[in-house]
Number of protein chains: 2
Amino acid sequence: MIEYRNVRVALLGGGTVGAQVARLLLEHKEEFASRVGASLELTGIAVRNLDAARSADLPKELFTTDAESLILGADIVIEVMGGLEPARSYILQAINSGADVVTANKALLATHGTELFEAAERVGAQLYFEAAVAGAIPIIRPLRESLAGDRVKRIMGIVNGTTNYILDKMDTEGASFDDALAVATELGYAEADPTADVDAFDAAQKASILASLAFHTTIPLESVHREGIRAISGKTVELAKKAGYVVKLLAVCERLTDPATGEEGVSARVYPALISREHPLAAVHKANNAVFVEAEAAGSLMFYGAGAGGPETASAVLGDLVSAARRHVIGGPGLGASTHANLPVLPISAITTRYHVTLLVFDRPGVLASVAEEFAKHGVSVELVEQGTFGSEAVSGEAAPTATLVIGTHAALESDLAATVSALAQLDAVSSVVSVLRVEGA
Amino acid sequence: MIEYRNVRVALLGGGTVGAQVARLLLEHKEEFASRVGASLELTGIAVRNLDAARSADLPKELFTTDAESLILGADIVIEVMGGLEPARSYILQAINSGADVVTANKALLATHGTELFEAAERVGAQLYFEAAVAGAIPIIRPLRESLAGDRVKRIMGIVNGTTNYILDKMDTEGASFDDALAVATELGYAEADPTADVDAFDAAQKASILASLAFHTTIPLESVHREGIRAISGKTVELAKKAGYVVKLLAVCERLTDPATGEEGVSARVYPALISREHPLAAVHKANNAVFVEAEAAGSLMFYGAGAGGPETASAVLGDLVSAARRHVIGGPGLGASTHANLPVLPISAITTRYHVTLLVFDRPGVLASVAEEFAKHGVSVELVEQGTFGSEAVSGEAAPTATLVIGTHAALESDLAATVSALAQLDAVSSVVSVLRVEGA
C-alpha cells in the first residue's frame, strides 16, 4: 500500500465550534485516517488571545496567536473564527498559498463570496462551506452535486433557528414576541443583540448562498429582499392559526419570469410568511431548520435537522474536511463555484404570490365595496374575506367603531399588491393597514 | 479556455427511467455542458427489443441491441435496465474497459455490490448509485461525504413507497391490508406480484446499502433481518393508533454492543414497527420515502421526498452523471467504497428495543400474574399493560371467554423477548400470541 504523508490541518478559531472540531480530530484520529487514506495532523489552533484558549480541554501547545505562520504550513485551513476580517484575509492567504479551505462563515461568503471563489478558481483551490447553511443538515452538497443534473425551481427554507424558536413559541404557547425573544435570549438561542437573527440578516446571508448555488448565478447579499419578524404580533400569529396557517420566517429562492421583459430571472427574499399547517415546513418546531427544495425532475425534497450548535456545525466542518483531505491525498479538484447561468436577479416587485392583507376599517356601510374596488382596480383577485374583531381595542379612542378585515388574495404580482395596499391606506374607510403577509407553499 | 472533447455516455435500458434520462440529456444539452465543462454525448441506448423502443419520443437511431459495443466506446455507462443479469456483466465490462458507472440498480448492489466495488477499485473506476435508494432524495452522497467526519449511530428509513402507501391507507382510512394492496396495485404503486415490496425484499436491499455506507462495513443482504407487512391486520393498525403509534415498515441500521462479546457491532433489519405519532417519520404519508439519521455530532437529520418514479430516479441518475462527467473532464478519483471499519454484523437476537406483545388470553383469575411472571423470569421489564377486546370474535368457538392483553415493554434484548414469547405461547392461560411489534424512535 502506498503511504501518504500526513495532511496538515490548521484551525483558525478556538471557540465552541473550533474546540469541538479539534477534539473530534484528536479523539477519532485513526478513524479519520482510514476514511481519508492518510493521517490528519492538526498543526495548530490560531486564537486572538492565548489566555482564553487555556481553559479548553486541549493540548496547550496547539494554541498560537500567529495565524499567518500556521496558514503557511497547512494543506487545509479550517476557518471557524467568524466575522469578516481577519477571516477574509486569512482565507485569501490560505488560497494563495495553495491550501484548500473549509469555512462555516456565512456572513463572509454572502459578503465576499465572489472574491473568494474567484481567488480559489485562479489557483485551483477548493472552498468548502457545508457548515455555513443549516448547520449539519447536508444542503450545500446536495445542491452542488446531487441536483446538478436537475433544475431547481424553488427553495423554501427555515434557515434561522432563533427566529423559528420565537415564532414556534408564539404559535404553540400564545407568547408575545417580546416574551418569546426574552426566553430565547435566556436559553442562549438569541444573542444579547438579536438584530442579526430577528431582522433576518442571518437568514438573508443564507438565502444568498442557497440561491447562488441553486441557480448557478451570483446573488449578491444586497439583492436579497429582507424583512424581519419584529412586526409579527401575538395577534397576527393567533389570526394565522385560526385560518389554518403558521407564521414562519422563510428564505424563498425561486426561478420566475420577469414581468417586465418576459425573460427568466431569479428572486431571493426573506420574510415572515404564512404557510399552511399541512405543509411539511409547518412541522419544524423549536430551533430546528429545514430546507424544502422543488426541482423539475426530483419533485419536492426536504432536508431537516438541528440548525446550529457547536457539535452540529463541527460535524459539517469535519465532513468537508474529509472531502478536502481525500482530494489532497488522491488529487483532482472538486466542484468549483458555478455561476454559468448568470440569470438576472429580480426585485421583490417582480414576484408573484398570495397575500393576506389585514385592515382596520371603520364599521360603516360601503366599506367592503370600496376596499374590494381597490383590489379590482389593481388587478388583484380576491379569494376570501373575513371580518374579525382583532385590533378594535387598540383604537378605542377612534371616532367610529372599527372592525378588522382580512382579505386573502389569489396569486398576484407584488407590485400590483403594493399599489393596492398604498391605495387602501388612503381610503377614508380604512383606519390602518395592520399587516400584509405573503402566503407560501400553496 | 481549454476545449475538452465530448464525454461519451452510454445508456443501458430504455424503460421509463432510461427514456427520461435520455430526454433530459438531449433537451438540456447546453445546461449540462456548462455544468460539466464539456459536452455530454449520448452515444446510444441499449435495449433488448428494438420494437419496444420505437414508441419512445427519442431519435430512433440512438437505439441498439448491441450493448457490448456501446459500452466499449463509452466514458460513462448508465445502467437503468434493472435485474441481476446481464446488468452485472455489463457493469463489469464497463469498469474493466475504464468507464465510470452510474446505476439505479439496488438489487444488483445489494447482491453483487462487493464484487462490483472491488472491480472498480482495482482499475480506479467509480460507481455512483444515488438513485438506488430513495429515488431522488440525496441520501447516498450525504452518507458517503457530508457525514464522513461524523459517526452515524442509527438510521431509520421508510425506503419502500409501496408498503408505506398501503400502511398509510390502513392508518388513515381504516382499510384492510388486502383492500389497501388492491388499490396500490390499481394505481401502479404495487406490481402484479407484490412480493418484492410487501415481503420487504426491496427494503432489505436498501438497508444493506445504507448500513454498508453508514458503518463502513460490508453488510451482505443475507445478514439483513427481514419481516414483511402481510401479517399487519387492520386491527393491529387500529390498536396502534389508539395507543398513539403508527405502523411503518422501517429499515433500521444501528451500531450496538454485541451482548455476547461486549464488542461493537452493527445491525441491519427491516420490519413493520410501531413509531410514535410525534416522530417526524410518522408524518411521511402516501408513497413518500424518508430517511432519519442520528449521528454523534450532527444529531438528528431527516431526508424526505418522493421515493421512486421515473423523473425522480432520472434526477438522481443525472446528478451522478454530472459528478462522473466532471471527474472525467477534470480528473481525479471520487470516493471509493469504504469498508475499512469491518465491524461484525450482529443477528436480530442481539438488538435491544421496546416491544408491544399482543396476546389473546382466557379471561380467568391469575392470568395477568402468570403472564407477568414469564416476562420477569426472562428479565424483560414491563412498561404498560392494557386489556382490550380485540380478537374476541375471532375465537368465539373457544371454551372460555377470551380477552386481549397488550404488554408494552421497556427496552429489552431481542433474544430475551423471543424466549419470553415462546414461553407465553406455552401457557395454559394464553390462547394465542396475536402479534409482536417492535417500537422504534423512542
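The values are calculated or read from the model by the stated rules, or taken from the named source; none is laboratory data. This structure is a prediction, so every number in the text was calculated from the model and none was measured. Cβ atoms come from the backbone with ideal geometry, glycine included; neighbour counts cover every protein chain shown.
What the table shows:
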| quantity | calculated |
| --- | --- |
| Selected residue [in contact with a Gly (Cβ under 7 Å, 6 or more places away or on another chain) and not aliphatic (A, V, I, L, M)] from B:GLU61, B:GLU79 | B:GLU79 |
| Residue within the stretch B:144-161 that is under 24 Å from B:LEU92 (Cα atoms), part of a strand (DSSP E or B) and touching a residue at least 24 places away in the same chain (Cβ under 8 Å) present | no |
| Subset tally (residues that are over 26 Å from B:ALA87 (Cβ atoms) and either without any contact (Cβ under 8 Å) to a residue 60 or more places away in the chain or more than 10 Å from chain A (Cβ to nearest Cβ) (or both)) for the stretch B:28-44 | 8 |
| Lone unmet requirement of (1) crowded, with 21+ Cβ neighbours inside 10 Å; (2) out of contact with any His (no Cβ under 8 Å at 6 or more places or on another chain); (3) within 14 Å of chain B (Cβ to nearest Cβ); (4) at pLDDT 90 or above for A:LYS153 | (1) |
| Long-range neighbours under 6 Å by Cβ, at least six apart or interchain, first residue among the hydroxyl-bearing types (Ser, Thr, Tyr) within the stretch A:123-143, second surrounded by 24 or more Cβ atoms within 10 Å (Cβ to Cβ) | A:TYR128/A:VAL102; A:TYR128/A:ASP320; A:TYR128/A:ALA324 |
| Residue selected from the stretch A:312-329 under the condition more than 9 Å from chain B (Cβ to nearest Cβ) and more than 15 Å from A:ARG141 (Cα to Cα), by the criterion surrounded by the most Cβ atoms within 10 Å (Cβ to Cβ) | A:ALA325 |
| Residue within the stretch B:172-189 that is within 14 Å of chain A (Cβ to nearest Cβ) and either surrounded by fewer than 22 Cβ atoms within 10 Å (Cβ to Cβ) or of a type in the set (A, V, I, L, M, F, W, C) (or both) present | yes |
| Qualifying residues in the stretch A:302-311 (those that are in contact (Cβ under 8 Å) with a residue 60 or more places away in the chain and assigned to a strand (DSSP E or B)) - the one farthest from the other protein chains (Cβ to nearest Cβ) | A:PHE303 |
| Only one of A:ALA19, A:ALA110, A:ALA52, A:ALA10 that is of a type in the set (A, V, I, L, M), surrounded by fewer than 21 Cβ atoms within 10 Å (Cβ to Cβ) and not in a loop (DSSP other than H, G, I, E, B) | A:ALA52 |
| Which numbered condition B:ARG277 fails, given (1) of a type in the set (D, E, K, R); (2) within 14 Å of chain A (Cβ to nearest Cβ); (3) touching a residue at least 40 places away in the same chain (Cβ under 8 Å) | (3) |
| Residue within the stretch B:73-80 that is of a type outside the set (D, E, K, R) and touching a His at 6+ places or on another chain (Cβ under 9 Å) present | yes |
| Residue ID - surrounded by the fewest Cβ atoms within 10 Å (Cβ to Cβ), chosen from residues in the stretch A:353-375 that are under 29 Å from A:LEU250 (Cβ atoms) and among the hydrophobic types (A, V, I, L, M, F, W, C) | A:ALA372 |
| Filter pass, A:GLY98 being in a loop (DSSP other than H, G, I, E, B), without any contact (Cβ under 8 Å) to a residue 40 or more places away in the chain, away from chain B (no Cβ under 14 Å) and over 20 Å from A:ALA19 (Cβ atoms) | yes |
| Qualifying residue in the stretch A:116-127 (condition: at positive phi and either at the interface with another protein chain (Cβ under 8 Å from one of its Cβ atoms) or among the small types (Gly, Ala, Ser) (or both)) | yes |
| Some residue of the stretch A:68-88 being among the charged types (D, E, K, R), in a loop (DSSP other than H, G, I, E, B) and in contact (Cβ under 8 Å) with a residue 60 or more places away in the chain | yes |
